[in-house]
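Notes follow once the structure below has been shown.
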Amino acid sequence: MQGPAATAVLPEPPRATPPGVRLPVALGALAVAALVGAGAVVVPQLGRAPAAVAAAPSATAAAGRFATLPRACGLLTPEQAAQAVPKALIMPRENAECTWHQSLAKAVGTTAAPPAAASGTGPAAAPVPDDLPPFTKPLKPCTLVSDDLVRELTPSAGEPFTYVKGAFTSCSWKSDYAVPEAKRGELSITLDTLDSAAMSDATFDLSKRVASRLHTNYLEVDGLAHDAFTYTDTATRGLRRYKVTYEFRLSNLQGTVEYGRSVGVDPDGSIAGNAGKVTRLVIDRLLKRPG
């Protein structure tokens with residue numbers, strides 16, 4: 001990737017100029033080399049973006065001002081981002097900041113491997129047979145992950161919250177608020193058994209269409225289940241949150257795994273990695289269910 005454009009000292013505009021977005025004089029360079037090893041590239045706040053790639057001011061704007069605020073995610077082309085972070089998952093945070101994370105999932109129409117099983121927390125990944133028998137027995141999602149794993153991901157979570165309504169069951173753990181935000185985690189597993197695989201397939205397709213429209217970072221995942229997708233929700237102000245969701249289908253069963261922490265970013269990819277590993281572990285144990 002080429003370095004940032006040379007900086008230029010911009011004159012201070014007169015007070016009579018129309019209002020706009022100020023462009024600070026000092027222009028920072030992107031720290032791509034330092035972030036490639038972490039699997040992410042961050043475009044900093046707009047004031048530090050290279051002038052050569054920022055949106056040009058309108059004809060009526062004075063020198064040194066932008067008439068409109070450019071989008072940080074538009075400051076790198078897909079080709080430039082791919083040189084630093086292959087198969088990147090774009091994480092926009094409002095207009096002023098953008099992060100490219102290396103994804104475990106695949107974009108629609110491409111191929112990628114599913115997340116691996118969590119080391120030391122469960123069996124190795126099992127293949128998903130096409131002729132998987134339907135799920136007929138009651139399922140208990142709280143039993144699909146070990147207590148040690150729950151304590152690792154959600155410190156001081158206490159007893160899980162469970163909900164059962166017919167064939168719909170869920171189990172969730174949440175760290176105590178006394179736990180520091182950076183370590184405060186929340187994990188939930190939801191399972192729903194439908195009458196047939198055909199009905200499950202049809203309703204899951206509807207879920208995919210809805211999710212693809214609601215989440216700009218929606219991605220489909222190959223090889224994880226009969227069908228699966230993932231997306232991420234973030235909040236960087238107020239009650240901060242970074243949550244990764246996986247939804248999957250196995251025969252007549254639909255499942256959802258959500259894992260997040262009370263932070264606005266996932267710089268080392270650990271939140272996304274743990275969400276994928278728990279999902280793989282849950283699916284492996286469902287495939288090895290008795291009967």
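The values are calculated or read from the model by the stated rules, or taken from the named source; none is laboratory data. In this text, all values refer to a predicted model and were calculated from it rather than measured experimentally. So basically every Cβ, Gly included, is an ideal-geometry build from the backbone, and we count neighbours across all protein chains shown.
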Considering residues that are more than 21 Å from the chain's Cα centre (by Cα) and either farther than 21 Å from residue 145 by Cα or part of a loop (DSSP other than H, G, I, E, B) (or both), the number found within region 184-205 is 10
Out of everything in region 261-280 that is in contact with a helix residue (DSSP H, G or I) (Cβ under 8 Å, 6 or more places away or on another chain) and either hydrophobic (A, V, I, L, M, F, W, C) or not in a loop (DSSP other than H, G, I, E, B) (or both), what residue ends up being nearest to residue 132 (Cα to Cα)?
278
Would you be able to say whether some residue in region 238-258 is touching a Gly at 6+ places or on another chain (Cβ under 8 Å) and assigned to a loop (DSSP other than H, G, I, E, B)?
yes
Within region 234-251, residues among the hydrophobic types (A, V, I, L, M, F, W, C) and exposed (fewer than 15 other Cβ atoms within 10 Å of the Cβ) come out as 239
Does region 145-160 hold any residues that are surrounded by fewer than 16 Cβ atoms within 10 Å (Cβ to Cβ) and outside any loop (DSSP other than H, G, I, E, B), and which are they?
147, 148, 151, 152
Condition first: within 9 Å of the chain's Cα centre (by Cα) and either part of a loop (DSSP other than H, G, I, E, B) or buried (at least 20 other Cβ atoms within 10 Å of the Cβ) (or both). Now tell me which residues in region 214-233 satisfy that.
217, 218, 230, 232
Set 287, 250: member being modelled with pLDDT under 95 and within 19 Å of residue 195 (Cα to Cα)
287
Name the one entry in 225, 157 that is in contact with a strand residue (DSSP E or B) (Cβ under 9 Å, 6 or more places away or on another chain), more than 18 Å from residue 134 (Cβ to Cβ) and not hydroxyl-bearing (Ser, Thr, Tyr).
157
Only one of 197, 202 is among the aliphatic types (A, V, I, L, M) and in contact (Cβ under 8 Å) with a residue 12 or more places away in the chain; which?
197
Name the one entry in 236, 245 that is polar (S, T, N, Q), touching a residue at least 12 places away in the same chain (Cβ under 8 Å) and more than 22 Å from residue 193 (Cα to Cα).
236
